Amino acid sequence: MASTLEKFIHSLDLRALPRVLQIQSGIYCQGSVYEMFGNECSLSTGEVIKVIGFKINKLIASICENNEVSQFSDKVELPLNFPGLYKIVADKTPYVSIEEIARNVSIGPTRFGHPCFYSTKDIKLANFTIKHDEQIIFNSVEEVHGTMAVSCVVVRNNQSHSFTLPLSQEGEFYECEDDQIYTLKEIAEWKIPKCRYRIVKLSNALHMWESSNPLPENFDGCLILMPVYEVQAVMKSRKDIVHILSDLDVEVKDITDCYDITSFLQPLSLEDIFERTSKEFPMVAEIMEGPSGSQNPYNLLSTGKEIVIHKKYQAARVLASEMRSDPSKKHYLIPMSYKGKFKRRPREFPTAYDLEIARSEKEHLHVVATKAFTSPHKELCSVSVGDQFLVQQCQTSEVLYEGRKKPIDALACEQILSDSYKKVLLPMYMEGGFVEVIHDKKQYHLSEICKEFHLPFNVKVSVRDLSIENDVLAAAPGLQLEEEITDSYLLISSASSPMESWEIPVYRSNMLVHLLGKDVLTFVPPVTRTIVEEVSEEEYYMLRRYENLTLHPPPRPPKKPT
């Protein structure tokens with residue numbers, strides 16, 4: 001049965017892709033030309049296309065009052081890169097079954113894909129009862145003993161209880177409140193259920209929008225977001241990917257069950273390639289859709305070019321940010337092979353506890369106080385603005401409190417006087433301010449800094465990397481090297497001139513290829529090139545968030561004695 005493209009998208013389960021559609025009728029019929037993102041394609045009546053994916057292309061936003069569209073609000077288009085961080089307002093409309101949740105809500109491997117719901121009634125399982133109003137975390141959809149089910153977790157008394165709920169489980173399920181903040185792109189990719197709108201509240205703006213702002217000035221309220229989808233499809237007459245917006249006035253019919261789907265090209269993302277076994281490399285591929293704009297610093301990644309994908313692996317990078325407070329601050333991923341050199345820049349420390357974290361055995365940390373502090377105990381040192389200290393080590397001291405001696409953690413330092421040094425103790429709970437005094441004039445390679453010092457670490461490029469045509473780091477007034485991360489890469493070279501290869505990031509290169517099945521020599525090109533990768537503000541927060549999932553936070557600073 002024929003339906004509009006929009007209705008087809010809303011009824012489609014992503015797990016059922018790819019699907020073969022036949023164009024039935026509409027405005028774009030009889031061989032008319034449709035252009036989208038620079039791609040021209042003919043959508044004739046009877047044309048057959050293979051839908052390989054769809055995603056939200058843009059959002060239609062309206063100002064929300066009392067969970068309804070304001071009568072004074074105009075609808076505005078918001079691109080997915082519209083700045084700001086947003087909180088999600090829980091959906092007040094219930095789901096009537098687990099199958100409805102699995103079909104319409106994104107459930108996946110990342111932390112974005114773990115939605116939480118609660119049931120209005122107790123659910124009795126074989127050896128476990130889910131209490132009403134208890135938060136249920138949905139982790140994945142899987143097959144259990146031949147039946148599709150959702151793998152779930154309930155946390156009670158800090159203990160996790162795992163179980164599965166069959167898709168056939170009925171009830172009344174509501175979305176739980178979510179206290180996390182998200183970018184608009186993250187909400188579009190993970191947090192808008194199909195066939196529903198999403199209400200969000202602006203938490204804080206990241207930076208000013210370069211174009212005219214479609215929202216009212218100083219807006220800080222709620223928005224109702226309605227998605228417009230972009231369909232990715234393959235046509236038999238073309239080797240590239242066709243993009244079609246879901247609001248296109250065209251009718252389609254699903255003919256997957258009676259069509260040979262293998263007669264189409266099979267597009268693969270870099271994530272698909274990375275999931276292949278190491279034994280399948282190297283392989284030859286043709287680019288069906290190359291990365292766009294700033295995503296394509298490599299000349300070899302253009303649509304239609306043949307490439308050799310030599311291997312997959314993990315590589316280290318250092319995440320760095322410019323030392324500036326204005327909204328245009330840039331973020332970078334620096335490869336360990338970066339050949340430039342750095343000189344140290346002073347670090348700032350808000351508390352005495354931060355001094356303890358930053359100190360090293362290699363050298364005494366020399367700091368100047370920028371904020372005064374009056375000690376409530378005579379055993380501990382008071383601080384004036386301009387006082388200088390050499391940080392030594394943390395130790396336990398005793399202070400007199402209400403006539404009794406009480407142990408307290410303190411930071412042993414040497415205070416630098418005009419002609420001598422004085423041993424003093426600073427309380428670890430001290431909220432002061434310190435700036436580092438740099439005596440080290442040495443120039444360091446990136447690998448040396450990571451080996452010898454604790455990150456974060458402040459530097460400035462003193463010798464640029466001459467192997468890079470345009471070293472973007474050299475122009476930065478200063479950089480904070482924030483943390484070392486590990487990321488996934490593919491080693492790729494041109495099939496026509498395989499004397500040098502490039503490290504291509506898997507999760508930040510939005511491109512599609514299809515494998516050619518050609519024989520390829522197994523040697524790796526002698527020259528491997530890497531680049532300093534500038535990442536967007538949204539990518540920066542995602543990198544820090546994912547990396548910090550694997551790190552244990554430092555212990556909380558000691559509390560000030562009462």
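Of all residue pairs spaced 6 or more apart or on separate chains, those with beta-carbon atoms under 7 Å, a first member in region 1-14 that is polar (S, T, N, Q) and a second member that is surrounded by 14 or more Cβ atoms within 10 Å (Cβ to Cβ) are Ser3/Glu251; Ser3/Val252; Thr4/Glu251. Residues in region 296-320 that are surrounded by fewer than 20 Cβ atoms within 10 Å (Cβ to Cβ) and either touching a Leu at 6+ places or on another chain (Cβ under 9 Å) or not assigned by the TED database to the domain that holds Ser447 (or both): Glu306, Lys311, Lys312, Tyr313. Here Lys253, Lys201 are screened, and the one residue that is under 25 Å from Asp326 (Cα atoms), among the charged types (D, E, K, R), open to solvent by 30 Å² or more (accessible area, probe 1.4 Å) and not in a loop (DSSP other than H, G, I, E, B) is Lys201.
Quick one: would you say Glu452 is at pLDDT 90 or above and not hydrophobic (A, V, I, L, M, F, W, C)? It is false that Glu452 is at pLDDT 90 or above and not hydrophobic (A, V, I, L, M, F, W, C).
Whether any residue in region 488-502 is part of a helix (DSSP H, G or I) and not assigned by the TED database to the domain that holds Val234 is what I want to check. No - not one qualifying residue is present in region 488-502.
Of all residues in region 473-487, those satisfying the criterion of being assigned to a helix (DSSP H, G or I) and surrounded by fewer than 17 Cβ atoms within 10 Å (Cβ to Cβ) are Ala474, Ala475. Being at pLDDT below 80 and buried (at least 17 other Cβ atoms within 10 Å of the Cβ) is a property that Cys64 lacks.
Matching residues to (1) crowded, with 17+ Cβ neighbours inside 10 Å; (2) at pLDDT 90 or above:
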| residue | (1), (2) |
| --- | --- |
| Ala102 | yes, yes |
| Thr110 | no, no |
| Ala126 | no, no |
| Asp133 | no, yes |
| Ala149 | yes, yes |
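Of all residues in region 82-99, those satisfying the criterion of being in a strand (DSSP E or B) and under 18 Å from Phe112 (Cβ atoms) are Leu85, Tyr86, Lys87, Ile88.
Among the listed residues Lys371, Lys378, Lys406, identify the single one that is under 19 Å from Asp354 (Cα atoms) and open to solvent by 50 Å² or more (accessible area, probe 1.4 Å). Spell out how you get there, then give the answer.
Working: Lys378 fails: under 19 Å from Asp354 (Cα atoms); Lys406 fails: under 19 Å from Asp354 (Cα atoms).
It is Lys371.
I want to confirm something. Restricting to region 160-174 and keeping residues that are assigned to a strand (DSSP E or B) and hydrophobic (A, V, I, L, M, F, W, C), which single residue is modelled with the highest pLDDT? So that I can check it myself, show each step before the final result.
Just the residues of region 160-174 that are assigned to a strand (DSSP E or B), to begin with: 160-166, 170-174.
Filter once more, so that each one left must be hydrophobic (A, V, I, L, M, F, W, C): 163, 165, 173.
Working: Phe163: 93, Leu165: 94, Phe173: 97.
Across region 160-174, the extreme among qualifying residues is Phe173.
Give the residue that is surrounded by the most Cβ atoms within 10 Å (Cβ to Cβ), with candidates limited to residues of region 260-285 that are among the β-branched types (Val, Ile, Thr) and farther than 14 Å from Ile307 by Cα. This residue is Ile261.
Selection within region 514-537: residues that are within 23 Å of the chain's Cα centre (by Cα) and among the hydrophobic types (A, V, I, L, M, F, W, C). The member of this set that is surrounded by the fewest Cβ atoms within 10 Å (Cβ to Cβ) is Ile531.
When the residues of region 381-394 are narrowed to those that are in a strand (DSSP E or B) and over 28 Å from Cys450 (Cβ atoms), which ends up most open to solvent (accessible area, probe 1.4 Å)?
From region 381-394, those in a strand (DSSP E or B) are 383, 388-394; that's our starting set.
Keeping just the survivors that are over 28 Å from Cys450 (Cβ atoms) gives 383, 388.
On the way: Val383: 5, Gln388: 66 Å².
By that ranking, first place goes to Gln388.
In a loop (DSSP other than H, G, I, E, B), charged (D, E, K, R) and open to solvent by less than 40 Å² (accessible area, probe 1.4 Å): does that describe Glu177? Criteria not met by Glu177. Of the residues that make up region 413-434, is at least one open to solvent by less than 60 Å² (accessible area, probe 1.4 Å), among the hydroxyl-bearing types (Ser, Thr, Tyr) and modelled with pLDDT of 85 or more? Taking every residue of region 413-434 in turn, at least one turns out to be open to solvent by less than 60 Å² (accessible area, probe 1.4 Å), among the hydroxyl-bearing types (Ser, Thr, Tyr) and modelled with pLDDT of 85 or more.
The values are calculated or read from the model by the stated rules, or taken from the named source; none is laboratory data. Here the structure is a predicted model, which means the values were calculated and not measured. Quick reminder, even Gly has a Cβ in these numbers, built from the backbone with ideal geometry, and neighbours come from all protein chains shown. Side chains included, ligands, DNA and RNA excluded: accessible areas come from the protein's heavy atoms. Shrake-Rupley method; radii C 1.70, N 1.55, O 1.52, S 1.80 Å.
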